[in-house]
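The values are calculated or read from the model by the stated rules, or taken from the named source; none is laboratory data. Here the structure is a predicted model, which is why all the values come from computation and not from measurement. A quick note on method: Cβ atoms are made from the backbone with ideal geometry, for glycine too, and the neighbour counts reach across all protein chains shown.
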Amino acid sequence: MASGSDLERLRRYWDRNSRGYDRQMDFFDRKLFGDTRQWACARATGEVLEVAIGTGLNLSFYPDNVRLTGIDFSPGMLAYARRRADDLGRQVRLLVEDAQRLDLPDASFDTVVSTFALCGIPDERAAVAEMVRVLRPGGLLVLADHVRSTSRPARAVQFLLDAVMVPIGGEHFRRRPIEHVREHDVTVEAHERFKLGIVERLAARKAQR
């Protein structure tokens, strides 16, 4: 897990980049991610936690009847999320939190959603464990991210991207969050990969007790 100084450096990085984040993600949403935001948010029910909500790009896709909490460790990102929520008339509780150590009670959400965020969290295994912890028994974990490709040439490009982007902004291109999800007592109910296996999305149900 990253040290406190490393986390502060990453926080400053994302605060600085919050202004141009939407323009950057608009390109990737159109060219690579497709309907993934809609796919993820449509599965949300009840009390919903979005981990690393960023600038709130998912807010318009959630069903109207969910009760939404969003966390991010960048206050700059959350400022944009608050403005977007206000523009949409969406009620959302926004909190500055570290996804690796959530200050939230066990079993407090029916759905946990995280899209294109685990790539930038220093300890993604700890973040997945925290998401499962705060899920109620029978709750749904919904994840989507860019991951290690199934194509060898694409993996070579991702290796080079890691060499540049991990030191700059802590963004990884060769992770597979599903590997950590499967360490927990959950059942994967939906799973898809596309765009040379670079985009992976899944929905996993926490076991009933």
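If you take the residues of region 162-191 that are among the β-branched types (Val, Ile, Thr) and either under 14 Å from the mean Cα position of the chain (by Cα) or under 15 Å from residue 13 (Cα atoms) (or both), which of them is surrounded by the fewest Cβ atoms within 10 Å (Cβ to Cβ)?
The qualifying residue surrounded by the fewest Cβ atoms within 10 Å (Cβ to Cβ) is 168.
Within region 43-92, no residue satisfies the criterion of being in contact with a strand residue (DSSP E or B) (Cβ under 6 Å, 6 or more places away or on another chain), of a type in the set (Ser, Thr, Tyr) and in a helix (DSSP H, G or I). Picking from 131, 165, which residue would you name as being among the aliphatic types (A, V, I, L, M) and out of contact with any strand residue (DSSP E or B) (no Cβ under 7 Å at 6 or more places or on another chain)? Criteria check complete, one pass: 165.
Strands (runs of 3 or more DSSP E) fully within region 97-209 that include at least 3 residues being free of Cβ contacts under 8 Å to residues at least 40 places away in the same chain: 186-194. The set of residues in region 139-188 being touching an Asp or Glu at 6+ places or on another chain (Cβ under 6 Å) and β-branched (Val, Ile, Thr) consists of 147 alone. Applying the criterion of being in contact (Cβ under 8 Å) with a residue 60 or more places away in the chain and assigned to a helix (DSSP H, G or I) to the residues of region 29-42, the residue that is farthest from residue 137 (Cα to Cα) is 32.
Here is a list: 109, 116, 159. Which entry is crowded, with 22+ Cβ neighbours inside 10 Å, among the aromatic types (Phe, Trp, Tyr) and within 27 Å of residue 15 (Cα to Cα)?
116
Out of the residues in region 19-42 that are in contact with a strand residue (DSSP E or B) (Cβ under 7 Å, 6 or more places away or on another chain) and surrounded by fewer than 19 Cβ atoms within 10 Å (Cβ to Cβ), state the one that is nearest to residue 189 (Cα to Cα). The qualifying residue nearest to residue 189 (Cα to Cα) is 39.
Matching residues to (1) in contact (Cβ under 8 Å) with a residue 12 or more places away in the chain; (2) surrounded by 14 or more Cβ atoms within 10 Å (Cβ to Cβ); (3) farther than 19 Å from residue 189 by Cβ:
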| residue | (1), (2), (3) |
| --- | --- |
| 52 | yes, yes, yes |
| 66 | yes, yes, no |
| 73 | yes, yes, yes |
| 77 | yes, yes, yes |
| 88 | yes, no, yes |
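Note on region 1-18: among residues that are part of a helix (DSSP H, G or I) and of a type in the set (A, V, I, L, M, F, W, C), the one that is surrounded by the fewest Cβ atoms within 10 Å (Cβ to Cβ) is 7. So for region 106-121 (the condition being touching a Phe, Trp or Tyr at 6+ places or on another chain (Cβ under 8 Å) and under 21 Å from residue 45 (Cβ atoms)), does at least one residue qualify? No, because not a single residue in region 106-121 is touching a Phe, Trp or Tyr at 6+ places or on another chain (Cβ under 8 Å) and under 21 Å from residue 45 (Cβ atoms). Filter region 151-173 down to the residues that are among the charged types (D, E, K, R) and modelled with pLDDT of 95 or more and list them by number. Of everything in region 151-173, those that are among the charged types (D, E, K, R) and modelled with pLDDT of 95 or more turn out to be 152, 155, 162.
Within region 82-126, if we keep just the residues that are among the small types (Gly, Ala, Ser) and over 22 Å from residue 32 (Cβ atoms), the residue that is nearest to the chain's Cα centre (by Cα) turns out to be 99.
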